[in-house]
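Structure record follows, encoded as structure tokens.
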Amino acid sequence: MTNTAIRRKPAVSHIQRKLIPAYIFLTIMSFLSVFPLYWMFTAATNTSLEVAQGKIWFGSYLSENYKNLIDQQNLWQAMGNSFFYAAVQTLATLLICSLAGYGFELYHDKGKDRLFAILLLAMMVPQVATLIPLFTMISQMKMLNTVWAFIIPGLATPFMIMMFRQNSRNFPIDTMEAARIDGLSEIGIFFRMYFPMMKSTYAASAVIVFMNAWNAYMWPRTVMKGNAVQTMPMLIANMSNGYAVDYGMLMLGVLFCSLPTIIVFFVLQKQFAEGITGSVK
């Protein structure tokens, strides 16, 4: 038995040696992925000159950068606007897209399948191509500088509808038919059965929609005018367009802009992974 164990050791060590290049590669890629985030944190604590010189370790200028940022920019107002717009966008999009995906998958007919195919074609149309028509519509409806101008174009995105439809295929039809026999309405089935069983899909979709809404720049820049309604990406863009850019203050603003999406992803990362793989609980 001892001889057998001794003979097996070289095989195990040989496998481990073969994995060394893979570990080295993954370590390098992990470092390259994390380094921009690390540099953002360190740059926020340094002066503009130190950032321009390429200093990559922490400094002692964080409080001064924060004071300058608060004095020169409406930071907390922009943060509040972004939170409000992103939250409303997320809730409205999840409700509408989940209803659409639920209907497309669980109430099949040829007409709906054709409509869904046409809907998927909209994914191939770039946002820039629809910018002017959407702006004209919003302007004629007198919704400029309102939350509705921000959220209406993203209320029913083809990708979100497709994601809910694909994950709805795992929803047990027998359970739905049993609920109908018990007298539960179609709306009741959706909110009392479908919604709890698709929590992971909702969580994954919430992460995607919230991040897209929070990071949106082109469309809000088009329909939102004035400091009172600007979002964080708009504030960062204004900070970087000056004649003399304070890079330390700018990177602190980028840090504030990045933290909410980082927090949302880490809080919902388990549900995000489950939702992307289409699991149902």
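Rule-based calculations on the coordinates, nothing more; no lab input. Everything quoted here is computed from the prediction, not taken from an experiment. Ideal geometry is used to build each Cβ from the backbone, glycine not excepted, and the neighbour counts take in all protein chains shown.
Structure notes:
- Dipole check for the chain: with +1 at the C-beta of Lys and Arg, -1 at the C-beta of Asp and Glu, and the Cα centre as origin, the magnitude is about 900 Debye.
- Global form of region 183-281, assessed from the alpha-carbon gyration tensor, a/c cut-off 1.5: prolate
- Remark: relative contact order (the chain) = 31 percent; criterion is Cα-Cα distance under 8 angstrom and separation of 6 or more residues.
- Only one residue of Trp214, Met143, Asn170 has its Cα farthest out toward the positive end of the dipole of the chain, where Lys and Arg carry +1 and Asp and Glu -1 on Cβ, and that residue is Asn170.
- Placing R0 at 45 angstrom, the Cβ-Cβ distance between Asn170 and Gln77 gives a FRET efficiency of 0.55 after rounding to 0.05.
- For the chain, complete DSSP H runs whose alpha carbons reach 27 Å or more along their own long axis and whose mean Kyte-Doolittle score is -1.0 or higher are 2-43, 75-106, 247-267.
- Inter-centroid distance (Cα atoms) of region 220-240 relative to region 159-198, Å: 40
- Of every Cα-Cα pair in region 88-156, the percent that sits beyond 21 Å: 40
- Among (1) 13.7; (2) 24.8; (3) 16.0, the entry that matches mean projected area of the Cα convex hull in nm² as calculated here: (2)
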